[in-house]
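Student: After the structure tokens below, expect a handful of questions from me.
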Amino acid sequence: MQTIDMATTPLRDLNAKLQAQAGQTNQTQWEIANPKGAHAIAVGLDAPIEVTVKGSTGYYCAGMNKLATVKVTGSAGPGVAENMMSGTVVIEGDASQYAGATGQGGLLVIKGNASSRCGISMKGIDIVVFGNIGHMSAFMAQSGNLVVLGNAGEALGDSLYEARLFVRGSVKSLGADCIEKEMRPEHIAILQDLLDRSGAPAKPQEFRRYGSARTLYNFHVDNAAAY
């Protein structure tokens, strides 16, 4: 276990050490002490290492993650796991705005609540939120899966493409071109896998699925007001 204390190690040096593990490394276990809400912790990682942040972080924690497993024992600020490519990011507390934004792969698990715009423009990432999510979540989501064990705020899935949205609780309102869809056996299987991988305490049969009505793919004058 390699321990880095941010009370004595500058952020730039911390990230340089973690990014230097790119490729094969035998230093696979890392712990970050005293993060004190610092921004951009553990960004740009490109190695199969495990990083545990002992506390809460500021914005863009674990951004552009590739291969690594990053765990935050507290809460995370805006943009956690933004543009994530692969690997796993786990937030034990809550996450602020646009968690997992533009994520292209990997798994983001938020064991608390997520704020507004969770999964905005997601492009293949899987996101599992144990609590609630805020308004405009999955806005323009292109692909991937967003799983919410709690409730969803206003305008869920506004202008989304082919992402799948699974919500166990209530949805305050659906965004433009987002509709409830049938839960077929293949969706139950996808959801079961995500619940198992994230350790979420729920059954797939408890969820409803939402997706694109595909009415905004091509311009039509009758739909002009929805654009």
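Student: Which one of these does ARG184 not meet: (1) more than 17 Å from VAL109 (Cα to Cα); (2) touching a residue at least 12 places away in the same chain (Cβ under 8 Å)?
Tutor: All conditions pass for ARG184, except number (2).
Student: Would you mind finding the one in ALA163, ALA200, ALA155 that is at pLDDT 95 or above, hydrophobic (A, V, I, L, M, F, W, C) and at positive phi?
Tutor: Only one candidate passes the filter, namely ALA155.
Student: Hey, another quick one. Pairs, please: C-beta under 8 Å, at least 6 apart or cross-chain, first residue in contact (Cβ under 8 Å) with a residue 40 or more places away in the chain and in the range 131-156, second outside any loop (DSSP other than H, G, I, E, B) and of a type in the set (Ser, Thr, Tyr)?
Tutor: Cβ pairs passing all conditions: VAL147/SER198; LEU156/TYR210.
Student: Just one of the numbered conditions (1) modelled with pLDDT of 95 or more; (2) more than 20 Å from ASN132 (Cα to Cα); (3) small (Gly, Ala, Ser) is not true of ALA213; which one?
Tutor: Status for ALA213: all satisfied but (1).
Student: Of all residues being over 21 Å from MET84 (Cα atoms) and small (Gly, Ala, Ser) in the range 2-44, which is surrounded by the most Cβ atoms within 10 Å (Cβ to Cβ)? Just the residue, please.
Tutor: The selected residue is ALA33.
Student: Show the residue pairs that are 6+ apart or on different chains and have beta-carbon atoms under 6 Å apart, the first residue being within the range 1-13 and assigned by TED's automatic domain parsing to the domain that holds ALA33 and within 14 Å of GLN29 (Cα to Cα), the second being surrounded by 12 or more Cβ atoms within 10 Å (Cβ to Cβ) and β-branched (Val, Ile, Thr).
Tutor: Sorted first by the residue in the range 1-13, then by its partner, the pairs are ILE4/ILE32.
Student: Here's another thing I want to ask about it. If you check THR3 against the conditions, is it part of a strand (DSSP E or B), over 26 Å from VAL148 (Cβ atoms), polar (S, T, N, Q) and touching a strand residue (DSSP E or B) at 6+ places or on another chain (Cβ under 7 Å)?
Tutor: Values: part of a strand (DSSP E or B): yes; over 26 Å from VAL148 (Cβ atoms): yes; polar (S, T, N, Q): yes; touching a strand residue (DSSP E or B) at 6+ places or on another chain (Cβ under 7 Å): yes.
In short, yes.
Student: Which one of ILE179, ILE133, ILE190 is of a type in the set (Val, Ile, Thr), over 19 Å from ALA81 (Cα atoms) and surrounded by 15 or more Cβ atoms within 10 Å (Cβ to Cβ)?
Tutor: ILE190
The values are calculated or read from the model by the stated rules, or taken from the named source; none is laboratory data. These figures come from a predicted structure and were not determined experimentally. Neighbour counts run over all protein chains shown; Cβ positions are idealised from the backbone, glycine included.
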